[in-house]
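Here the structure comes first, spelled out in structure tokens, and everything after it is commentary.
The values are calculated or read from the model by the stated rules, or taken from the named source; none is laboratory data. Note that the structure is a prediction, hence the values are computed from the model and not measured. Ideal geometry is used to build each Cβ from the backbone, glycine not excepted, and the neighbour counts take in all protein chains shown.
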Amino acid sequence: MGNLKRYQDVLKKIKTERGEICECCGEKAVHGHHIISVSETSICSELVYEPANIIMLCDDCHALMHPNLRNVSDWAGARKRRGQRLNG
């Protein structure tokens, strides 16, 4: 099994077990985010495929986790929306 297929299978398992809900704010989750980043562990690390090291995030929450990597023009809006569903 290729690395990409293996990772996709892990994400599918996580979505089935936890739902497709952002684990930060409750919106629809579309991204798997590594708690211990791939840049710290390397792409060859088994942590890349460890469900306990991956949280599901929406676009806004994922962008807030990577402020230097994502081009987000409305940081204040992303922060305001983050948690809105859980708080309201």
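Among the polar types (S, T, N, Q), at negative phi, surrounded by 13 or more Cβ atoms within 10 Å (Cβ to Cβ) and modelled with pLDDT of 75 or more, is that true of residue 45? Here the answer is yes, as residue 45 does meet what is asked.
Would you say residue 25 is more than 10 Å from the chain's Cα centre (by Cα), over 26 Å from residue 2 (Cα atoms) and crowded, with 18+ Cβ neighbours inside 10 Å? Against the criterion (more than 10 Å from the chain's Cα centre (by Cα), over 26 Å from residue 2 (Cα atoms) and crowded, with 18+ Cβ neighbours inside 10 Å), residue 25 qualifies.
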